[in-house]
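Here the structure is laid out as structure tokens; the discussion comes afterwards.
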Amino acid sequence: MSPRRSRRLTPFDRGGNRGSSRPVGGFAPGIDRVEEWPDGDWRVRPVTGAEGGKVYRCPGCDQEIRSGLPHLVSWPAWPGGEDERRHWHTACWRNRVKRGPGRSRY
Ligand SMILES: [Zn+2]
């Protein structure tokens, strides 16, 4: 009947339907986005905090981020920035650049 069909395999077909999100920079899958700030581009990843277990300290307000509290992780979007990951309260991250009025150091 039909001759052997050549299977078209694109690089994107491998692995089947495992969802469309790909890890960026070798991290576990998550929804990263890059935000532009006056001090550069930052990668931001919302986390649910549902994993629990760990308590982080928010550099914005110097308060602890309790486990189970949705917050976000950010790090500079330039090479090597992954080592600078910080956990922030979402609101603190938003207000980050407002902390110092008139700041202009870049
Ligand atoms: Zn905070």
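Only the coordinates and a few stated rules stand behind these numbers; no lab work does. Not measured: the values here are computed from a predicted model. Positions of Cβ are generated from backbone atoms using ideal geometry, with glycine treated the same way; all protein chains shown enter the neighbour counts.
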Q. Can you pull out the residues in the stretch 36-84 that are assigned to a strand (DSSP E or B), of a type in the set (D, E, K, R) and surrounded by fewer than 14 Cβ atoms within 10 Å (Cβ to Cβ)?
A. GLU36, ASP41, ARG57, GLU64
Q.
Would you confirm whether or not the stretch 44-58 contains a residue that is more than 16 Å from the ligand (Cβ to nearest atom), within 24 Å of LYS98 (Cβ to Cβ) and under 10 Å from the mean Cα position of the chain (by Cα)?
A. yes
Q) So which pairs qualify, if the first residue must be in the stretch 78-96 and more than 10 Å from the ligand (Cβ to nearest atom), the second must be of a type in the set (Val, Ile, Thr), the Cβ gap must be under 6 Å, and the two must be at least 6 apart or on different chains? A) ARG85/VAL73
